[in-house]
Each structure stands twice: as structure tokens, then as C-alpha cells.
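S.K.: So that we are looking at the same thing, I have put the structure below in C-alpha cells.
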Amino acid sequence: MVLLYIILIPMLGALLSWLLAARKAALGRWVALLSLLAGLVLVTGIWITHAGNEGSFNQWLYNWQQPWIPHFGISLHLAMDGLSLVMLALTFFLGALSVLVSWKEIKFRTGFFHFNLLFVIAGIAGVFLTMDLFLFYFFWEVMLIPMYFLIGIWGHERREYAAYKFFLFTQAGGLLMLLAILGLYFVHGANTGVYTFDYFALLNTPMERALAQWLMLGFLVAFVVKLPAVPFHTWLPDAHTEAPTAGSVVLAGLLLKTGAYGILRFVLPLFPEAAHDFAPWAMLLGVAGILYGGQLAYSQPDLKRLIAYTSVSHMGFVLLGAFAFNEVAYQGVVMQMITHGISTGALFMLAGVLYERIHTRELGRMGGLWPTLPAMGTVTMVFVMASLGLPGLGNFIAEFLILLGSWQANKVMTILATVGLVVATIYSLRIMQRVFFGHTERQYALPDLRPREWAMLLPLVAVILWLGIYPSPVLKTVTNDQLRMSNEANNQKPMRTDSSFVMRTSITTDSLIIPN
Amino acid sequence: MLWLIPALPFFSALILIVGGRSLSKAAVSVIACGSMGLAAAITLVLGWQFLQGGENAVAQHLWSWIQSGGFNAGIDLRLDALSLAFVFVITFVGFLIHVYSTGYMAEDADFSRFFACMNLFVGAMLMLVLADNLLLLYFGWEGVGLCSYLLIGFWYKDPANGYAARKAFIVTRVGDTAMAIALFMLFQHTGSLQIQTILSGAPELWSTGNETVVLIAFLLLGGAVGKSAQLPLQTWLPDAMAGPTPVSALIHAATMVTAGVYLIARTHVLFALAPTAQTAVAIVGAITLLLAGCSALVQTDIKRVLAYSTISQIGYMFLALGVGAWSAAIFHFVTHAFFKALLFMGAGAVIVAMHHEQDMFKMGGLRKQLPAVFWVFLIGSASLSAIPFITSGFYSKDQIVWLAWSSAQGHSAYWVIAIAGAFLTAMYTFRMVFLTFYGEPRGHHHPHTPGNSMMIPLYILAACSTLAGFVELPHTMGHFTLFSDFLQPVLPAVHLVQESAALEWTSQLLAAGLTFLGIYIAWVWVIKKPDGMLRFSQMPFMQWLRAYWFTGWAFDAAYNELFVHPFVRTARMNRKDIVDRIYTTLARIMQWCHDMLARTQSGLLRWYIMGVVIGAVLILSVLIWRVYV
């Protein structure tokens, strides 16, 4: 039941804040903030409770199932493991901060704004918990529509164009996934006689290789559009740039991660062989994203657009690591999901904070802000360094583990991806130079960070440092996830142990462990 | 107690970052210099215990950093003779430079930011040399890169400084990429990034000349040339002089730029297994020392002379590493740290006295106006040019010159280059001395000798630049080997093939002779017959050569054409993202179809009737065609 609460808390918070905001806007904000904080406390509580027991993250922590439409094999099936847990912690953490960041920025229809914001969060929480493919598709859509409103109503100048583009891209991907889900449903039904959308039942569905490849591609397209990978990324710069700050934070910090999560949770375990066949191409897409996104980020004249393209670059690492099929890379991918959420979320917040002061996103009209805004400059420096992968900050751990793991799988791709670190340096340092350094003729009288802004930025600084210096708690939580997932599937269907995903994984990880 | 050495500067940096703006300059000075002084004191205590204890290394495990799959890296520190030599130089010279900076930066508005970055740098540098695994070393490696970036661009108002800072970061990052790949390979083959595990396991894993270990060694060399500003990644260091002068002294002369030397010495087992790579180290060093020496000869900015000189001297260290003279390289690192820090800070004193004038042609005659500065600068210059017997530079550099020939991996060509380099060194050093301190004053400033906070560190370093040489004397002069004995447990002794005292004497005398010749030529050039030299240098070929050397052999121009411009140009061209064109075109086609179809809905009855008729005719034709054909 606790899993249901995790989804219901933001949903109820959404409704309540909409209703109360009609009476007083501040009331709606407080309700939204408190309900997300409640969710954060709940998730952190779960984490702390289970962190004490050795090995508790090697199994499913919670599992809850209620029949919904039994006739079609659809049930309300929620389950949580270490991966879901850390992703939920990130969701509520960034969610609460995105309420804070909108405190002054959103001035009209605040009730409806918070309703949408919290509903996106609820949808994301649902995506991270669902173990029924039909329900998963449902939550996938729940994320989409409120986000469309967030961009379309509260966005910047070209908000409607961006909102449409976002909607069309993700919807097109989503439809392919729906087809693939239905395909899997019928294939499984035809081959076993059991028609079900249940994730655990569908694991290791026996099917022809060619068919598996098509179904896998259906899922993968939906996820790489969301991720996004080149060449499906072009919705992202528009959506990120035009969205209000909270929208950008949620988009970059959380929505993109649902794509990554989908690959880890569904594409790899459901279609291990097909995914393995496709791995070189997926890694190529990842590397293309790292380099191409990096170069585009460098050339952007708009600060938010620049940050948006860095997401394309960083999410390329996710694709690279996910298809490396070993535990080191896998943990790196999970770290990358978290640290990218933190660092890019923080950069978008800083862009928003800056926009509130100077009312422009154009880098050409900035510069020389360091003497006026030294504290903001220092905080920005931390996240710029995180973005270029400086050791000591979380993103380094993520990218290093991904590269270390993918080296075992594909050397050429890893070398190209490592070159991406140079490109990351080039575009990241450009942010500092164009915004804070240099000289300016203009006389600004701008206030430096205010208490509310400190309240949202300091936790992010603390977390990115913590993840860089002592990432063990997270790494322990997501350890062996993939291995366990496939092991469980194998236990259910003992007839198919040959050359399945788990075998390859264990082989590659075993070969890594040379006693020293 | 070991952890305190890097922790103190880190802690002080944290205080200064968080609360620096509300602290007075005096408080900032006390915190910054105090933490450095404490770290230096602890180093002395630990060093003393270490020498007494007779153990080869002291290790300390702090906490487990990354554990993933079979990968394991901890925050583990390890102090052995090699790291002790580096830690000593970093804390001791670092402390002196911090004290000097309180005077040098006294007028600067961003006083606390400066010291925060300096402390952060020292902390990262100490992590680099104390790390027990290569990942932690990489942490320090990138950390010093960050601080170097922050401090080169310290005076951020001038975009040129920002450019120099970014150039330094990006160019060294290119080398770091190679080093990262070396780490991946090492982990793949040895299953660990623990330095001791790798060093002890490597000889069993690989035979000498094995392709894998050669590749790894080359990649490590890639990282080393980036950080240590050696060919072909040397271009960032001359521009790095944009930073405040104490930064140049600490980061771009004494410590950070020698990180590459440390890396190679630390992983010397791998290089010993990879003779090709080790030869490459020697060749890189030899070529670099020559090219940079030529460039130093024609600079007009006093700091740029010293920058090229640093590149050249690190070239000597690389040459020593390349011929297997490991401890000679480290010895030269130590003496170089003393005399180059002294020279940079002496130059800084001159620059401050001249109200931030760096052009040597606008100085002159300062010997009388700044006598104290002149004398310490002269001591530093003598050491840099390796004046025999009385300077530390003589003992460390002569050892390299001799070993370049006599060691098992040596070659007479290396010796020729090294000795030619010694000649160049003497020439450019004393050209700088004569231009700055002799002749008639060419500037319009009224210089004044800086205060005690700046002068006392200079006196101490001047003493060190002279005395530090006596810890290691050549075969021909008593064969006193304190320093190499001290490093013996970590770095193996050099294998000699030439052990002739006569030859060694010849080499030393020749080097000494060329040094004095170089000084003499500089004297003729600058003091005696400047007009004759002017005429000589105005010959077309000489002018061309001068311009070529002045720009550092035009590496910048080549790299701009090859890498920078293509990247920037394609980035600018593709600013609107060509991939998006596909989707917008798709959308436009849809729009066009929509417009076409919408146009049919014109509201004119005759068009509709015509449409119906055409449709009917088509359908009937198809039916008839089906039936009859």
C-alpha cells in the first residue's frame, strides 16, 4: 500500500492545491510544497529503513497487486526495488525544489500550475513503480499532458510551438510503444495461453528473434525520444528553452530519466537478445549524442538552449552505458541519471534566477556579472564543473563508471565518448565566460541570491558534492539490480537459461573481477 | 596524521569560499598562510618519522570511494620517498609563495578569492601526489587543472585572460582524455587501479615490449605531456602567464606542471616494460627543451621568458625519465622548484615595482634601484643557467646531461641536445638579467623595493637554490648520493654503460664552458654591442626566425587552423541544428498538403460539380478497364 501512497500523495496534493489556490495563491504553493516534501520524507524513510539490512536491495522491497481489468490481464501492479527507490527520491527532491523555484516566477493561474506540476510528478512516480505494462502506458501519458500545459501556458515567447513539438514527438514515440506492448501481449498470449500485461510474466517471453527485434525497437524508440538521443532530440531544446523554470527542471531532471529508466527496466530485460544485437547501434547513437549535442551546446546563443543541448550530450552516456551490459556501466548509468538530474536541474534554476534579474536568456547580453553576483557565480561554477565531469562532484563518478564499463564492451565507442569530455569542457567553460566573466559597461544593481534561492540551491550543491565524494549509499542501493532482475526471470522460466541476458552479464562482470 | 596534510588547505579553502568576503585581509592571510604553514610543519614531522622509521611507505585508508562490480577505489593516501619529495616541495615552497602573495596581492579587491583558489590548488596537488590509486590521482590531477583555470583567469575582466584560462583547461583535458583511457585499459588488464597492485603485477602480466603495456604507457605519456606542457601540448603554458605572478610561481613552475614528471616516475615500472614509450619520453623531452629554449631567447615579456624556460626545464626532466635516470629527474624537479619559484617571484617583485610593466625593454638599470631583488634574481638565474659548483641547478642539470649519454638507454644525440640546451639556457637567462637589471633605465616608473612579506620568502628560496644541490654530488666530485639513496626504495637506480670519470669530466667542463659562453654572448648582445646585434637581427631571415620562435614555433596558428577553426566554424554553421530541418520540412510538407486540400474547399459550386464529374469519370473508367481489359 505504501507504493500507492507514493503516487496518491502528489495526486491529492495536486487537487488540493488547485482548490485552495482559488482562495489564496500562497496556500496552493504551500500545499504543493508540503505534499512533495511528505513524499520525499516517505521515500527517504524507506531508504533509510532498508539501508541498514545488508543485501536488502538485492530483492524487491515492496510488491502490491490488485486486479483492475482481469478480463484482459490488466492489474494495478506496483513494485519497488533499489532503482525505483533512488529515482523516486530524486523525483520528490527535484519536485519540491521546482515548487520553490516557481514561488515568484508564476504569477497567474497558480492553482492550475501546481495542479499540473504535481500531476507530472505523480505520473513520473507511477512510471517508476509500475510493473504492469498497461498501467505503465497509462502513467506515461499522465506525465505528458500536464507537461504540455506547463509549457504551453506558462512558457516563454514561443511556448505554443514548443508545447506542440514536445507533445507530437513524445506521443509518436508513445504510440510505437503502445503497439509494441500490444504485440508483446499477444505474442505471449499466443505462445503460452496466458494473456497478461504483467511485467514479471512477460519477462523471457519465448518469441522469434526477428519479432523480438521489432518489438524491442518499438519500446526503444519511445524511450530514446524521451531520453533523447540523436536524431530524435530536436523537441528538447525548444521545450526546455520555452518552458518555465520549473518545467525545465522537471523536464531535464525527471522526464528524461523516464526514458533512461524505460531502457533499463523494459528494453534490456524484456528483449535481452534483441537488445544485445542492437547494442553497437545504440552505443553509436549514444556517442553521436555526446559529440553532436556537445558541439550544438557550444554554438547556442541562448543560455537555456545551451543547457538543453548539454542534456543531449549527457544522456548519450546513458545510452552508451546501458548497452554495455555490465554492472559497472549499469551503476554508472543510474548515477548519471541522478547526477544529471541534479546538475542540469541546478543550471536551469540558475538560468531562471538570472532571468528574473536581467530578463534575458541571451548570452550576448550577459557578461561581467561576477562582481555583482559573486555567490551566484560560485554556485554556477560548481555546477558547470559538475557538467564537465570534474572529479569530486557526482557527475564524474557517473561518467567514469560508464566509460570504464563500456570500455569492456566496445573500445572504439568508448574512445569517442571520452573525447566528449573535452567537448564538455569547451561548452561548460563557455557558460562561465559569457555570463560571469569579462567586462561590462552596464551598471547592474542586482541583488545576489536571496534566502529562498539559497534554500533551493544549497541542497543541490550539498547533494552533488556528497555524490562525488561518498557515492556508496547510492551505488549499494542499485547494486546487482540488473542481475537480480534477470535471475528472477530465469527462476520463473527455467527452460530458457541459454545465452540469456543474465548469462552475458555475469560473464562480463566475472571477467572484470581479478583478485588483487 | 597524514590526512591532515591535504585536509588543512582544503579546509582553509572551504572557509575562504564560504566566508571569505566577510573576513578582513589580515584574517584571510592568517587562515591561508597558517594552514599552509601547518601542513608544511606536519610534513616535516612526518618526514622525520618516515626517515627514522625505516619503513618504505606509510599508508592511510580514509573511506571507500567507489565500489562497483569488480571495481574498487578508496580515498587512500600513501606516503613514500617519492611522494615525500613532492609533498615537501608543495607545502614548503607553497607556504613561501602564500606568504609572498599576501604582499603581492595586498591591493587586490578579490583577496580572499585568490587565497581560496590557492589553497584549493595545494589541497588538490597534495591529493595528486599522495594518492594510492590512480583514480584518486586523477581526482587531484583534474582538481589542479580547475584551480589553474580559476587562477589564470583570476583577473576575469579582460577576455584575453579568460581565453588563456580556458585554453589551459581544454588543452590539458586533451591529455587527460588519453590518461583516462589508460586507466580503463589498466583496469581491464589488472583488475585494479591501486598503484602498488599494478606496479607489482605488471611484470608478471606483461613481458617487456608487450603491445598492451606500450599502448598504456603511451597513453599515460599523453596525460603527462598535457599537464607538463611538453610537445605537442605545450601551447597553453606561455598564455597561462596571464594569471597573477605568484600563481605562475606556484602552479606553472614549481608544482602542477611537474605532475607529468610525477606520473611517469610513479608508473616507472610500466615505462620500463615499454621501451618504445620510454624512448618517446626522452625524445619528447629532448625536442621540447630545445624548441622552448629557442623561444625563450626572443621573448620580450619577462614572464614569458620564464614560461618557456619552465617548458624547457621540464623537458630536461622528461629526458631524464626517458633514459631511466628516475631520481635525476626528481632531483631536478626539486632544485627547479626552488630556483624557478624564486625567479618568478623575483620577476613579480620587479613587475610590482614597475607598476605592472612586464616588457623587459621598458625596464633596464634596475640593479641600482632594486638591489635586493637584483641579488636574489641573480642567484636564481645562476642556478637556472647551472653555473658550476655554487648553484643547485648545476648539480641537478649536469647529472641529467651526463646520464643522457651514459645511461643504458642514453644516446649521444640526447647528450648533444642537452648540452645545446644548457648553452641556450645560459643565453636566454642572462639576456633577461642584463635587459632587466643592467644598462640605462628605459621605463618611466620610479621603482621601490617591495616589503618584507615579499622579500623574506625570496631570501629563503635564494638560500635553497644554492644549498639544495649539495644533497647529490656527481662521481667526479665526491660521489655523494643522499638524494638518490633516499629515493632508492621507490625508484631504481640508473644503469650506466659509460663509467669513465674522464668522459664525465669532459662533459661537465664542456657544459660549464658553454654556459659561460652563453652568458658572454648575452652580454655582447645586450650590453656590449646592442647595435651590432640589432643589425644582425634585422636580416630578413633572422627576422623571420625571430617571429617564428616568438610565437612558439607557430604551434598555436597550426592548432587553430587544424582544430579550433573547424570546430567553431561547423558549430556556428550548424547553430540551428540541421537535424531539426528534417522535422520542420516534414511539418512544412504536411502544411503544404493541408493548404492544397484546403484550397479545394472554395465554396464555388461549379468546382464541386467538376470534382464530382471527374471522380465519376475516373471510377467508371477503372470499372470499364477492369471488365474489358
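S.K.: So residue B:575 clears everything in (1) under 30 Å from residue A:166 (Cα atoms); (2) assigned to a helix (DSSP H, G or I) except one condition, right? Which one?
M.R.: (2)
S.K.: What is the residue count in the stretch B:36-70 for residues that are crowded, with 19+ Cβ neighbours inside 10 Å, closer than 30 Å to residue A:473 by Cβ and not hydrophobic (A, V, I, L, M, F, W, C)?
M.R.: 3
S.K.: Of all residues in the stretch B:81-113, which are closer than 24 Å to residue B:62 by Cβ and surrounded by fewer than 21 Cβ atoms within 10 Å (Cβ to Cβ)?
M.R.: Listed by number, the list holds a single entry, B:88.
S.K.: Further, regarding this structure: Report yes if residue A:478 is modelled with pLDDT of 90 or more and at the interface with chain B (Cβ under 10 Å from one of its Cβ atoms), otherwise no.
M.R.: Details: modelled with pLDDT of 90 or more: no; at the interface with chain B (Cβ under 10 Å from one of its Cβ atoms): yes.
Here the answer is no, as residue A:478 does not meet what is asked.
S.K.: Please verify whether residue B:319 is of a type outside the set (Gly, Ala, Ser), out of contact with any strand residue (DSSP E or B) (no Cβ under 7 Å at 6 or more places or on another chain) and modelled with pLDDT of 90 or more, treating the condition exactly as stated.
M.R.: The answer is yes for residue B:319.
S.K.: Quick check on this structure: which one of B:623, B:618, B:586 is within 11 Å of another protein chain (Cβ to nearest Cβ) and surrounded by 10 or more Cβ atoms within 10 Å (Cβ to Cβ)?
M.R.: Exactly one of B:623, B:618, B:586 is within 11 Å of another protein chain (Cβ to nearest Cβ) and surrounded by 10 or more Cβ atoms within 10 Å (Cβ to Cβ), namely B:586.
S.K.: Just one of the numbered conditions (1) buried (at least 24 other Cβ atoms within 10 Å of the Cβ); (2) over 15 Å from residue A:259 (Cβ atoms); (3) modelled with pLDDT of 90 or more; (4) of a type in the set (A, V, I, L, M, F, W, C) is not true of residue A:291; which one?
M.R.: Among (1) buried (at least 24 other Cβ atoms within 10 Å of the Cβ); (2) over 15 Å from residue A:259 (Cβ atoms); (3) modelled with pLDDT of 90 or more; (4) of a type in the set (A, V, I, L, M, F, W, C), residue A:291 violates only (1).
S.K.: Name the residues in the stretch B:146-170 that are surrounded by fewer than 24 Cβ atoms within 10 Å (Cβ to Cβ), within 14 Å of the chain's Cα centre (by Cα) and more than 8 Å from every other protein chain (Cβ to nearest Cβ), would you?
M.R.: Listed by number, the residues that qualify are B:164, B:167.
S.K.: Let me ask something additional. Would you list the helices (runs of 4 or more DSSP H) that sit entirely within the stretch A:1-106 and hold 1 or more residues that are in contact with a strand residue (DSSP E or B) (Cβ under 7 Å, 6 or more places away or on another chain) and modelled with pLDDT under 90?
M.R.: Numbers: elements: A:2-23, A:25-51, A:82-101.
Correct list: A:2-23.
S.K.: A follow-up question, please. Condition first: over 21 Å from residue B:342 (Cβ atoms) and not in a helix (DSSP H, G or I). Now tell me which residues in the stretch B:248-275 satisfy that.
M.R.: B:267, B:274 - these are the residues of the stretch B:248-275 that are over 21 Å from residue B:342 (Cβ atoms) and not in a helix (DSSP H, G or I).
S.K.: Sticking with this one: Just checking, how many residues over the stretch B:531-562 are exposed (fewer than 12 other Cβ atoms within 10 Å of the Cβ) and among the aromatic types (Phe, Trp, Tyr)?
M.R.: Qualifying residue count for the region: 3.
S.K.: List, please: which pairs have Cβ atoms under 7 Å, are six or more places apart or on different chains, and start with a residue in the stretch A:320-340 that is more than 10 Å from chain B (Cβ to nearest Cβ) and within 19 Å of residue B:188 (Cα to Cα) and end with one that is among the basic types (Lys, Arg) and surrounded by fewer than 24 Cβ atoms within 10 Å (Cβ to Cβ)?
M.R.: From the stretch A:320-340, the pairs are A:325/A:504.
S.K.: Pick from B:525, B:549: which is in contact with a Cys (Cβ under 6 Å, 6 or more places away or on another chain) and not hydroxyl-bearing (Ser, Thr, Tyr)?
M.R.: Criteria check complete, one pass: B:549.
S.K.: Within the stretch A:389-439, restricting attention to residues that are more than 9 Å from chain B (Cβ to nearest Cβ) and not in a helix (DSSP H, G or I), which residue is modelled with the highest pLDDT?
M.R.: A:393
S.K.: Further, regarding this structure: Within the stretch B:235-254, take every residue that is at pLDDT 90 or above and closer than 30 Å to residue B:185 by Cα and give me the one that is surrounded by the most Cβ atoms within 10 Å (Cβ to Cβ).
M.R.: B:237
S.K.: So if I check each of B:182, B:178, which one is in contact (Cβ under 8 Å) with a residue 12 or more places away in the chain, more than 10 Å from chain A (Cβ to nearest Cβ) and of a type outside the set (D, E, K, R)?
M.R.: Numbers: B:178 fails: more than 10 Å from chain A (Cβ to nearest Cβ).
Exactly one of B:182, B:178 is in contact (Cβ under 8 Å) with a residue 12 or more places away in the chain, more than 10 Å from chain A (Cβ to nearest Cβ) and of a type outside the set (D, E, K, R), namely B:182.
S.K.: Checking residue B:205 against (1) of a type in the set (A, V, I, L, M); (2) under 29 Å from the mean Cα position of the chain (by Cα); (3) surrounded by fewer than 20 Cβ atoms within 10 Å (Cβ to Cβ), which single condition isn't satisfied?
M.R.: The failed condition is (2).
S.K.: Of the residues A:344, A:360, which single one is in a loop (DSSP other than H, G, I, E, B) and either within 13 Å of another protein chain (Cβ to nearest Cβ) or not charged (D, E, K, R) (or both)?
M.R.: A:360
S.K.: Condition test on residue B:385, is it in the same structural domain as residue B:464 (by TED's automatic domain parsing), among the small types (Gly, Ala, Ser) and farther than 25 Å from residue B:409 by Cα?
M.R.: Spelling it out, residue B:385 is indeed in the same structural domain as residue B:464 (by TED's automatic domain parsing), among the small types (Gly, Ala, Ser) and farther than 25 Å from residue B:409 by Cα.
S.K.: Identify the residue in the stretch B:1-35 that is more than 14 Å from chain A (Cβ to nearest Cβ) and not hydrophobic (A, V, I, L, M, F, W, C) and, among all such residues, is surrounded by the fewest Cβ atoms within 10 Å (Cβ to Cβ).
M.R.: B:24
S.K.: Out of curiosity, is residue B:141 closer than 25 Å to residue A:404 by Cα and either modelled with pLDDT under 90 or within 14 Å of chain A (Cβ to nearest Cβ) (or both)?
M.R.: Answer is yes for this residue.
S.K.: Separate question: If you take the residues in the stretch A:445-455 that are in a helix (DSSP H, G or I) and surrounded by fewer than 23 Cβ atoms within 10 Å (Cβ to Cβ), which one is farthest from the other protein chains (Cβ to nearest Cβ)?
M.R.: Top of the filtered list is A:452.
S.K.: On the given criteria, is residue A:511 modelled with pLDDT of 90 or more and within 12 Å of chain B (Cβ to nearest Cβ)?
M.R.: no
S.K.: Looking at (1) assigned to a helix (DSSP H, G or I); (2) more than 22 Å from residue A:383 (Cβ to Cβ), which is the one condition that is false for residue A:442?
M.R.: (1)
S.K.: In the stretch A:368-381, which residue that is touching a residue at least 60 places away in the same chain (Cβ under 8 Å) and surrounded by fewer than 20 Cβ atoms within 10 Å (Cβ to Cβ) is farthest from the other protein chains (Cβ to nearest Cβ)? I'd like the intermediate steps shown before the answer.
M.R.: Taking the stretch A:368-381 as the starting set, the residues that turn out to be touching a residue at least 60 places away in the same chain (Cβ under 8 Å) are A:368-370, A:372-376, A:379.
Right, trim to surrounded by fewer than 20 Cβ atoms within 10 Å (Cβ to Cβ) and you get A:368, A:372, A:374-375.
On the way: A:368: 7, A:372: 13, A:374: 7, A:375: 9 Å.
The residue in question is A:372.
S.K.: Just for the stretch A:13-43: of the residues that are free of Cβ contacts under 8 Å to residues at least 60 places away in the same chain and touching a helix residue (DSSP H, G or I) at 6+ places or on another chain (Cβ under 7 Å), which one is surrounded by the most Cβ atoms within 10 Å (Cβ to Cβ)?
M.R.: So, considering only residues that are free of Cβ contacts under 8 Å to residues at least 60 places away in the same chain and touching a helix residue (DSSP H, G or I) at 6+ places or on another chain (Cβ under 7 Å), the one surrounded by the most Cβ atoms within 10 Å (Cβ to Cβ) is A:43.
S.K.: To continue, here is another question. Kindly evaluate residue B:258 against the criterion of being among the hydroxyl-bearing types (Ser, Thr, Tyr), modelled with pLDDT of 90 or more and surrounded by fewer than 24 Cβ atoms within 10 Å (Cβ to Cβ). Steps first, answer last, please.
M.R.: Working: among the hydroxyl-bearing types (Ser, Thr, Tyr): yes; modelled with pLDDT of 90 or more: yes; surrounded by fewer than 24 Cβ atoms within 10 Å (Cβ to Cβ): no.
So residue B:258 fails the test.
The values are calculated or read from the model by the stated rules, or taken from the named source; none is laboratory data. Predicted model only: the values in this text are computed from it and were never measured. Neighbour counts run over all protein chains shown; Cβ positions are idealised from the backbone, glycine included.
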